[in-house]
Amino acid sequence: MATKHSIVKQAIQSRILDGTFLPHQKISSESELMKEFGVSRHTVRLAIGDLVNKGWLYREQGAGTFCADRQANGAVLDPAGQKNIALITTYISDYIFPSIIRGAESVLSEQGYHVTLFSTNNNHQTEREILEKILSGSFDGVIVEPTKSAFSNPNINYYLNLERQNIPYVMINAYYDELEPLYVAVDDERGGFLQTEFLIKQGYRNIAGFFKTDDIQGVKRMKGFLKAHRKHRIPIEPQNIITYYTEEKESKPARELEQLLKQQGDRALDSLVCYNDQLALSLLNLLREKKLRVPDDIAMVGYDDSFLADVSEVKLTTVTHPKSDLGREAARLVLELVQERKGSAAQREPKQESILFEPELHIRSSVKIAEEAHKQ
């Protein structure tokens, strides 16, 4: 259980890290902190004393306690002189993330950088805790995958504090639009369009789309799904668009598909557009339970061209994702920003540009090709 003085100390640190207290700004008085946290003056003084000793705060006789400029006084530098890059992803060991991480590490380690991995589990509170660790530590740069990028982010102040401390960051897979950061991503709207148009061109008309919409990737893929229908003048059935959040991914898509299969009547569902390959395999298991064959009874298209696309008895048609290349490009980009910061270009506009990979469709056997359909 945390002690009272450690709770006060952590709260002050958090306010420094999120930019509430800026360098040389006076912090709350002892009396204000006592009232806010319901603690004694002794407890407040213990917390402040610890932070003064560690270089977070400094006192001025008769004036009060102030936030220190930790960057200027060297408190954020690695005493061992090690070069460090933080790599934050929503997940580390799952799905396509090991390939992205390996790609980034291969470039960074070659240049003598140590890589520290963090995972947010697509949770804003975890993201905040990680950003506090980074701002408290000694990192030259950050590669970060945004958490629930389709939502307004409560941790924007921490990213602004990275900028204030001149710690460059590059976003991968998505980005927080309000920050206008450099990013490396896939054109997900185009990817969603490719998934859907391919099915339409093979003669499929009653297509259900499943999209995880707390991440901007899912929103853009859904937009591509709608665009393909409109381009080919295919009516869109509103009930065929299934959206879900990260916390619902294990239950809602399968539950909604089961309902769709029950309700179709004369106009049977003929194909599925899936947010990613992971979801596609989950839905494939449900179809197997319902004695429906892919692609004979129902077709499906995934996204990411992950190892999962090949592991099932049904080889999955899916949109490509650059994975390792994405990691490598993000690492190259952040290293260029680090070098600029170390030179005289720190205050200039960056020369680099964001990178948007063009997706392609990897055709396998989960969709019946039009020529094959005509032969049967």
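The values are calculated or read from the model by the stated rules, or taken from the named source; none is laboratory data. Since the structure is predicted, the reported quantities are computational estimates derived from the model, not experimental observations. So basically every Cβ, Gly included, is an ideal-geometry build from the backbone, and we count neighbours across all protein chains shown. Please note that ligands, DNA and RNA were not included when accessible areas were found on the heavy atoms of the full protein model with its side chains. Shrake-Rupley method; radii C 1.70, N 1.55, O 1.52, S 1.80 Å.
Among residues of segment 1-35 being of a type in the set (Ser, Thr, Tyr) and either surrounded by fewer than 18 Cβ atoms within 10 Å (Cβ to Cβ) or part of a helix (DSSP H, G or I) (or both), the one that is farthest from the chain's Cα centre (by Cα) is SER31. Per this entry, ASP310 is counted among residues that are open to solvent by 60 Å² or more (accessible area, probe 1.4 Å) and over 24 Å from ARG205 (Cα atoms). Hey, can you tell me all the residues within segment 207-254 that are among the charged types (D, E, K, R), under 29 Å from GLU145 (Cα atoms) and out of contact with any Gly (no Cβ under 9 Å at 6 or more places or on another chain)? Selection gives ASP214, ASP215, GLU247, GLU248, LYS249, GLU250, LYS252. Take segment 218-250 and flag every residue that is open to solvent by 20 Å² or more (accessible area, probe 1.4 Å), closer than 21 Å to ARG190 by Cβ and in a helix (DSSP H, G or I). Correct list: VAL219, LYS220, MET222, LYS223, LEU226, LYS227, ARG230, LYS231.
This table checks each residue for (1) over 21 Å from LEU257 (Cα atoms); (2) out of contact with any Lys or Arg (no Cβ under 8 Å at 6 or more places or on another chain).
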{"residue": "ARG190", "(1), (2)": "yes, yes"}
{"residue": "GLN202", "(1), (2)": "yes, no"}
{"residue": "LYS212", "(1), (2)": "no, no"}
{"residue": "LYS227", "(1), (2)": "yes, yes"}
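When LYS83, LYS54 are checked against the criterion of being at pLDDT 90 or above, of a type outside the set (Asp, Glu), closer than 24 Å to TYR159 by Cα and open to solvent by 60 Å² or more (accessible area, probe 1.4 Å), LYS83 stands alone in meeting it. Looking only at residues of segment 251-296 that are of a type in the set (S, T, N, Q) and within 22 Å of GLN217 (Cα to Cα), we find that the one that is most open to solvent (accessible area, probe 1.4 Å) is GLN278.
Among the criteria (1) of a type outside the set (Lys, Arg); (2) closer than 16 Å to ALA330 by Cβ; (3) in contact with a Leu (Cβ under 8 Å, 6 or more places away or on another chain); (4) open to solvent by 10 Å² or more (accessible area, probe 1.4 Å), the one SER138 does not fulfil is (2). Given the structure, is GLY38 of a type outside the set (Lys, Arg), farther than 21 Å from GLY137 by Cβ and either at pLDDT 85 or above or open to solvent by 60 Å² or more (accessible area, probe 1.4 Å) (or both)? It is true that GLY38 is of a type outside the set (Lys, Arg), farther than 21 Å from GLY137 by Cβ and either at pLDDT 85 or above or open to solvent by 60 Å² or more (accessible area, probe 1.4 Å) (or both). Checked against the criteria, MET171 counts as at pLDDT 95 or above and over 27 Å from ILE298 (Cβ atoms). Only one residue in ILE92, ILE100 is within 23 Å of LEU279 (Cα to Cα), of a type in the set (Val, Ile, Thr) and open to solvent by 20 Å² or more (accessible area, probe 1.4 Å), so which one is that? The unique qualifying residue is ILE92. Just one of the listed residues (ASN153, ASN206, ASN166) is closer than 21 Å to GLN13 by Cα and surrounded by fewer than 18 Cβ atoms within 10 Å (Cβ to Cβ), and it is ASN166.
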